[in-house]
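Report on the structure given below.
The values are calculated or read from the model by the stated rules, or taken from the named source; none is laboratory data. Here the structure is a predicted model, which means the values were calculated and not measured. Please note: Cβ atoms are built from the backbone with ideal geometry, for glycine as well, and neighbour counts cover all protein chains shown. Keep in mind that these areas ignore ligands, DNA and RNA; they rest on the heavy atoms of the full protein, side chains included. Shrake-Rupley method; radii C 1.70, N 1.55, O 1.52, S 1.80 Å.
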Amino acid sequence: MSIADALAEAGAKAAGKRPYFLDHEVEAVLAITMAAVQELAVARQRIDTLERLLEGKGVLSRSEIETFTPDPSVAIERALSTQEYIARVLRIVQQRNEANLTSGDIASEAVGSELGARS
């Protein structure tokens, strides 16, 4: 997968316009923050699991993990992973920019209102 493909996939948009419940700017900051929080929580749990397993089996100590220095190929792989992560965290900004370039999308709340009016 190319870098461009990975970044495009990380920022993929669901069909229709995004519903907003708060001020658009506040909701954008909240979405970015919560995406980062979610990513960090999962990463911390996985890191903790790996460190406990490695230390428990006598494979590595936590101090060895702390002092690890990646080789250049690992550094490149990590840089790509970081770019994909940033794209996911900032997805709402990308989607808002894309929405400004397109018109005709129907917002999900508009569909709900129309269906509710028919009932």
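Of the labelled options [x] 1.41; [y] 0.96; [z] 1.51, which one gives Cα Rg over 2.2 N^0.38 Å as computed for this structure? The value computed from this structure is option [z]. Split the accessible area of the chain by element, probe 1.4 Å, and carbon with sulfur accounts for 60%.
Output the relative contact order of the chain, whole-number percent, from Cα pairs under 8 angstrom with separation of 6+ residues.
55 percent
Between the amide H of Leu60 and those of Glu55, distances stay under 5 Å, these residues lying 5 or more places away or on another chain, with hydrogens modeled in the peptide plane. Working note: 222 nm ellipticity from helices only, DSSP H runs with n ≥ 4, each -39,500 (n - 2.57), summed and divided by the residues of the chain, gives -23500 deg cm²/dmol to the nearest 500. For Lys17, the residues whose modelled amide H falls within less than 5 Å of its own, excluding neighbours fewer than 5 places apart on the same chain, are Ile106, Ala107, Ser108. Charging the Cβ of each Asp and Glu at -1 and of each Lys and Arg at +1, and nothing else, the dipole of the range 18-85 about its Cα centre rounds to 260 debye.
With charges set only on the Cβ (+1 for Lys and Arg, -1 for Asp and Glu), what does the dipole of the chain come to about its Cα centre, in debye to the nearest 20?
I would put it at about 240 debye.
Taking every protein chain into account, the accessible area of the chain amounts to 77 square angstrom per residue (probe 1.4 Å).
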